[in-house]
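The values are calculated or read from the model by the stated rules, or taken from the named source; none is laboratory data. Keep in mind that what you see is a predicted model, and the values were worked out from it rather than measured. Don't worry about glycine lacking a Cβ; one is built from the backbone with ideal geometry, like all the others, and counts go over all protein chains shown. In case anyone asks, the SASA skips ligands and DNA or RNA and just uses the protein heavy atoms, side chains included. Shrake-Rupley method; radii C 1.70, N 1.55, O 1.52, S 1.80 Å.
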Amino acid sequence: MQDGRTNPVYQKILAQNGLAEFKTLIKKWEALSENIEHKPAGAPIILPDLFLVSHSGTGRTHILKLLSEYLSEKPNLMDFYGDVKYFEFMLNYCAPNEYFSEIQRLMTEINNAAGFRSEYRGIVYIDVDEWRGHFEEKHFVSFMEYLSDNSDDWLVVLSVSNDDQEQLHRMEAFVSAFIRIEKITIEPPTLRELTEYAKRILKIYGITLSSEAEGVVSDSIDELCKNKYFDGYKTIKMLSEDIVYSLYVAGFDREREVDPSILIKFSKNSEYIRRMIVQIEKTKKIGF
C-alpha cells in the first residue's frame, strides 16, 4: 500500500484542475488510511457514502475512475470484488401510483457487476437527479431503505445537479436519515480551463494557435457551454481532435501559428458547432 508521497494516483488527483472539495476529501481519506492499521477482510467499509453535487460536464465519470483507482491502492479502506470497480446507474422517477421496478433493476446491475462472483464490492454511482422535489415520496423512501440495508459492501455515490440550493439541503438531510454521507460539490471547469485543455491537445500534435485563433476556439467553447447537456472535457476533446484532423487533412504549415481564417469552420456560428450541440443533446437524452 502506497502513501500519498509515493501513490501516483493521489498525486494525479491533486494535479487536476479545480475539484477543490474532491481533493479535500481524498486528503482526509489519505489521513484515515495512514492512521488506521487495517480493515479486517470482509468487514463493512467505514468510509461515508457521497452526496455528489455537480452539473453535466464536470467529468463525473473521470472522477469515479480516479476514485476507484485511488481506493484500489487502499485495502485498509475498501475492498473491491467483482468484474468492475464501479458502475453508473440512473434512478428513473416513478410516480407514487405506479409500479416501482428500480430496486430490482439496480439488483440486476449489481449482479452484472459481480460477474461470476457471489457478491459485489465496489463503487455504486446512482444519479438521483429525477427525484429532486420527490425525495419524500414512498418509492424513494423504499429505495433509500434498500440502500441502508444492503450497501455495507459498496461506496454509494448519490449524484444530483446543483440548481436549487434549498432543495439540495433538504434532500441531503433526508438522505442522511438512511445512510452516512459526506457532501462534495464539483464546480464546472471555467472557460479558461477548457480553452487551455484544448490548447494542450493541439500542442501534442504540434499545433500552435495565434491569439486571434485562440479567441475563435474560446468563443466556440463558450457557445458549447451554453447547452445544458454540455459534456465538459469530453466535448472539448472531440472538438480539439476534429480541429487536428481538419488541419492535417488540409496540410497546414506546421512552422507557423494557426490564424483564425483556418478555423472558420469551427467558429461559434458554424454548422459544425450547431451540429455538435444537436448531437450532444441526442446523446444525453437517449443515453446516461
Next item on the list: List every residue whose amide H lies under 5 Å from the amide H of I179, counting only residues 5 or more places away in sequence or on a different chain, with H placed 1.01 Å from N in the peptide plane.
Entry: none
Margin query: Under 8 Å for C-alpha pairs, at least 6 residues apart: give me the relative contact order for the chain, rounded to a whole percent.
Written below: 22
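Using helices alone, I'd like the mean residue ellipticity at 222 nm for the chain: each DSSP H run of four-plus residues gives -39500 (n - 2.57), total over residue count, nearest 500.
On the way: 10 runs with 137 residues, N = 288.
Theoretical 222 nm ellipticity from helices: -15500 deg cm²/dmol.
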Notebook entry, point to check: When the C-alpha atoms of region 108-148 are aligned to their principal axes, what extent does each axis show, in angstrom, from largest down?
Noted result: 38, 17, 14
Check: Could you give the radius of gyration (one decimal) and Dmax (whole number) of the Cα atoms in the chain, in Å?
Finding: 21.7, 67
Item checked: Radius of gyration, Dmax [region 12-57; alpha carbons; angstrom] -> 13.5, 38
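Please figure out what share of the DSSP beta bridges in the chain is antiparallel and state it in percent, rounded to the nearest 5.
Values: 1 of 23 bridges.
Around 5 percent of the beta bridges assigned by DSSP in the chain are antiparallel ones.
Below 12 Å Cα-Cα, how many Lys pairs turn up in region 1-114? Only count pairs eight or more apart in sequence, or on different chains, if you could. Can you show the working numbers first?
Details: K12/K23; K12/K65; K39/K74; K65/K85.
Final tally of qualifying lysine pairs is 4.
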Margin query: I'd like the accessible area for H62: 1.4 Å probe, protein heavy atoms, all chains in place, Å² to the nearest 10.
Written below: 80
Checklist line | Sorted peptide list for 123-131, 266-274, 220-228, 244-252, criterion being average Cβ within 10 angstrom, highest first | finding: 123-131, 220-228, 266-274, 244-252
Margin query: Counting just the Cα atoms, what span does region 200-262 cover along each of its three principal axes? Round to the nearest Å and put the largest first.
Written below: 38, 19, 18
Notebook entry, point to check: By how many nm would the segment from K203 to S261 lengthen if fully extended, with 0.36 nm per residue of separation less the alpha-carbon distance?
Noted result: 19.0 nm
Item checked: Coarse-grained scattering of region 1-117 at q = 0.12, 0.16, 0.18 Å⁻¹, given as base-10 log I(q)/I(0) from a Debye sum over alpha-carbon atoms -> -0.55, -0.92, -1.09
Item checked: Accessible area in square angstrom per residue, the chain, 1.4 angstrom probe -> 52
Margin query: I want to check the label-to-label distance for H169 and A15. Put each point 7 Å from Cα in the C-beta direction and report it in nm to one decimal.
Written below: 3.9
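What is the Cα radius of gyration of region 36-101 over 2.2 N^0.38 Å, N being its residue count?
1.46
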Note to self: Over all directions, how big on average is the projection of the convex hull of the alpha-carbon atoms in region 90-163, in square nanometres?
What the structure shows: 5.1
Item checked: For region 173-189, Karplus couplings with θ = phi - 60° (6.51, -1.76, 1.60), whole Hz, Gly/Pro x -> 5, 5, 4, 5, 6, 10, 9, 6, 10, 10, 8, 10, 10, 10, 7, x, x
Checklist line | Debye log10 I(q)/I(0) at q = 0.17 Å⁻¹ for region 122-275, Cα point scatterers | finding: -0.91
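First measure r as the distance between the Cβ atoms of K226 and A95, then evaluate 1/(1 + (r/R0)^6) with R0 = 45 Å and state the FRET efficiency to the nearest 0.05. Show your work: numbers first, answer last.
Values: r = 32 Å, r/R0 = 0.71.
After rounding, the FRET efficiency stands at 0.90.
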